[in-house]
Amino acid sequence: MEALILSLILVVGGIYFGFRNVRLLRNEAALREYMQSSPKATLWVRKYGLDGATKMVRESFIPLGLVISTAMVAFGGWNLWRMYL
């Protein structure tokens, strides 16, 4: 039962984070709003400024997040497939 719940959390979480990252990558205004309002991003904004932090997030962190969310969906799906086949 725990394996089923963990696999479903991985799939649902990966899909959610993937859609969120794609939205932030495509919409500059949403990314800027996130960078200004997120407590996690305040250190980066203070250190590099809003433009520099936004550029860094767009070039490295969002693509890395997309890779991780794809891996979450793939691993969760593989676990579900392996459990029920």
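Brief remarks on what is shown
- Distance (nanometres) between label positions extended 7 Å along Cα→Cβ at Ala3 and Ala29: 4.8
- Residue-averaged 222 nm ellipticity for the chain, from DSSP H runs of 4+ at -39500 (n - 2.57), nearest 500: -28500 deg cm²/dmol
- Taking the empirical scaling 2.2 N^0.38 Å for compact globular proteins as reference, the chain has a Cα radius of gyration ratio of 1.33.
Values quoted throughout were computed directly from the atomic coordinates according to the rules given, and no laboratory measurement underlies them. All figures in this text were calculated on a predicted structure; none of them were measured in a lab. Positions of Cβ are backbone-derived with ideal geometry, glycine not excepted, and every protein chain shown enters the neighbour counts.
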